[in-house]
Amino acid sequence: MSLLSLESVSVEIGDTKVCHHLSMGLGDGEVWSILGRNGVGKSTLLKTMAGLRMPQRGAIQLGGTGLQNLSRRERAQRLGILFQDSESLFPATVLETVLTGRHPWTSAMRGESADDVERARQALACVGLAALAGRDLTSLSGGERRRVDLAALMVQEPRIVLLDEPGNHLDMHYQVAVLGDLVRDWKAAGGAVVAVMHDVNLALRFSDHLMLLYGDGEVACGTIGELASESALSRLYGHRMERVTTATGEWFFPV
């Protein structure tokens, strides 16, 4: 049984047909990247997969149960999402913000336990922010805030992780080292990761599957070996892409 499955799902936003009768499933340990030009609905599809908007047609199931039949708490225990941008609506410290990731597992009466706090501190250490636990969230840079959001997602401990442009605001080191380590950890734990990506080569570095969105309802789903080709990526972006083979692998560049 797939961790998350889409059954003949159609999604539209305005005049854009994001997907038409899309059926696919996420398996244990799979890492998918969603690629496509600006405005084709990549973020919209991700939010639909999370149950934050309804598809025009079709059904989405989480572990064999329809998303609409699960409470918000049950969804949050199984599925987590990192949005493209974050907003700070209330004053909070870095540690307090990371602890919000534990809310699906705590009760309003009990609050966070010492174990929850320790998990949050460990997550901050993983993203290199242990020393900033007591800082006000609004004092952070964009890259630091992004790492806080990733730490909150870590302590949420969902089986399925949806990431919208996870490399936003992260410099090259954190994109490759921190984000790469987190994706590998989720994969090794038997979870599934779906990430909206703009950087083709970053997607190829982390992923084993691709979902290509063309903006007219057509979607191609398959493994890296099946879809990572000059012809497929050139058609996707409407620009010639050339494959370059190096000692560390094959990469694609616009020419």
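Each reported figure results from applying straightforward, stated rules to the coordinates on display, with no laboratory input. Given the structure is predicted, the values throughout are model-derived calculations rather than measurements. Neighbour counts are summed over all protein chains in view; Cβ atoms, including those assigned to glycine, are modelled from backbone coordinates with ideal geometry.
Quick one: what are the phi-derived ³J(HN,Hα) couplings along region 78-87, Karplus 6.51/-1.76/1.60 with θ = phi - 60°, whole Hz, x for glycine and proline?
9, 9, x, 9, 10, 7, 4, 9, 10, 10
If we sort 32-40, 164-172 on the protection proxy, mean other Cβ atoms within 10 Å, highest first, what's the order?
Result, highest mean Cβ count within 10 Å first: 32-40, 164-172.
For Ala189, what charge total do you get from the other residues with a beta carbon under 11 Å from its beta carbon, if Lys and Arg give +1 and Asp and Glu give -1?
Summing Lys/Arg as +1 and Asp/Glu as -1 gives 0.
Order by neighbour count: His20, His173, His198, fewest other Cβ atoms within 10 Å first, most last.
With the sparsest Cβ surroundings first, the list reads His173, His198, His20.
What ³J(HN,Hα) values, in whole Hz, does the Karplus curve 6.51 cos²θ - 1.76 cosθ + 1.60 give for region 133-143 when θ = phi - 60°, with x put for Gly and Pro?
Per residue, the Karplus-derived 3J(HN,Hα) values read 4, x, 6, 5, 4, 5, 8, 8, 6, x, x Hz.
In sequence order, what are the phi-derived ³J(HN,Hα) couplings for region 171-184 according to the Karplus relation 6.51 cos²θ - 1.76 cosθ + 1.60 with θ = phi - 60°, rounded to whole Hz, with x for glycine and proline?
6, 4, 4, 6, 4, 7, 7, 5, 4, x, 5, 5, 4, 5
How much net charge surrounds Cys221 when only the other residues with a Cβ under 13 Å from the Cβ of Cys221 are counted, with Lys and Arg +1 and Asp and Glu -1?
Its environment carries a net charge of -4.
Mind putting a number on the dipole of region 4-254 about its Cα centre? Charges go on the C-beta only, +1 for Lys and Arg and -1 for Asp and Glu, and I need it in Debye to the nearest 20.
Magnitude of the dipole: close to 340 debye.
Among Met1, Met49, which comes first, then next, by fewest other beta-carbon atoms within 10 Å?
With the fewest neighbours first, Met1, Met49 line up as Met1, Met49.
What is region 1-142's relative contact order, in percent, from Cα pairs under 8 angstrom and six or more apart in sequence?
21 percent
Using +1 at the Cβ of each Lys and Arg and -1 at the Cβ of each Asp and Glu in the chain, identify which of Thr100, Ala130, Ala152 lies farthest towards the dipole's positive end.
Thr100
Considering the values (i) 31, 23, 16; (ii) 41, 18, 16; (iii) 28, 19, 18, which represents semi-axes √(5λ) of the Cα gyration tensor in Å as calculated for the structure under consideration?
(i)
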